[in-house]
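The values are calculated or read from the model by the stated rules, or taken from the named source; none is laboratory data. Since this is a predicted model, take the numbers as computed values, not measurements. We place every Cβ from the backbone using ideal geometry, glycine too, and count neighbours over all the protein chains shown.
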Amino acid sequence: MEAKFHFYFFHSKMSSTINNLSLQDIPSASDMRVGIVVCEWNSHITTPLLDATVSTLKKHGAKPEHIMVRTVPGSFELIFAANKMVKSGLVDGVIAIGCIIRGDTPHFDFIAQGCTNGIAQLNATGNMPVIFGVLTTNSVEQAQERAGGSLGNKGEEYAITAIKMIDYARNYDR
Ligand code: DLZ
């Protein structure tokens with residue numbers, strides 16, 4: 001465990017990245033159970049995010065039967081559903097996927113803030129990582145760019161972040 005921490009510390013300049021996310025030394029997910037909660041709201045965005053998340057988990061060794069996917073209406077419900085998954089003991093980490101797009105009313109701010117705070121609270125108080133896979137954008141176009149468009153698919157980042165954080169948690173559990 002110690003050697004691993006040192007490795008991360010001394011190799012801060014990573015050449016292979018998705019944006020700022022290092023793609024080097026990603027742990028195997030072959031023994032990881034990952035829960036995913038995904039929103040129906042803006043499903044034309046959340047579905048490609050989900051697809052990329054699942055395919056990236058599999059690419060890194062996760063077994064299909066160890067990936068649990070559940071659907072909720074909107075991003076505000078992610079908190080409740082993710083909390084249930086955390087407490088179920090059936091998974092090692094959770095990825096919450098949603099897409100909140102700014103509209104004409106202040107609703108965007110309340111939903112985005114509530115969702116962010118709720119997921120942050122789960123991370124601060126729970127015993128496993130809950131990955132914040134929620135796009136908050138000013139337009140549909142911005143969301144599309146990040147869900148398989150010109151800026152890639154953030155689902156890949158969610159999956160890799162989940163794998164890294166489950167591995168991180170395990171290093172403390174041992
Ligand atoms: C109500 C609402 C609005 C206006 N916009 C979004 C959105 O852009 N993305 C999203 O995931 N959910 C939205 N919702 C639904 C709320 O998340 C929630 O489902 C309802 O307020 C019911 O609790």
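Pairs meeting the criteria (first residue in segment 100-122 and of a type outside the set (A, V, I, L, M), second residue surrounded by fewer than 15 Cβ atoms within 10 Å (Cβ to Cβ), beta carbons under 8 Å, at least 6 apart or on different chains) are ARG102/ASN138; ARG102/SER139. Select from segment 148-174 the residues that are more than 16 Å from the chain's Cα centre (by Cα) and not aromatic (Phe, Trp, Tyr) and write down the one among them that is nearest to LEU23 (Cα to Cα). Per the stated criteria, the residue is LEU151.
For every residue, the table says whether it meets (1) surrounded by fewer than 22 Cβ atoms within 10 Å (Cβ to Cβ); (2) closer than 26 Å to ASP31 by Cα.
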| site | (1), (2) |
| --- | --- |
| LYS63 | yes, yes |
| HIS66 | yes, yes |
| GLY93 | no, yes |
| GLY103 | yes, no |
| PHE108 | yes, no |
| ILE111 | yes, no |
| ASN117 | yes, no |
| ALA120 | yes, yes |
| VAL134 | no, yes |
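The single condition among (1) without any contact (Cβ under 8 Å) to a residue 24 or more places away in the chain; (2) more than 11 Å from the ligand (Cβ to nearest atom); (3) assigned to a helix (DSSP H, G or I) that ASP25 does not satisfy is (3). Of the strands (runs of 3 or more DSSP E) lying entirely inside segment 51-147, those containing at least 1 residues that are away from the ligand (no atom under 11 Å from the Cβ), farther than 27 Å from LEU23 by Cβ and modelled with pLDDT of 95 or more are 67-72.
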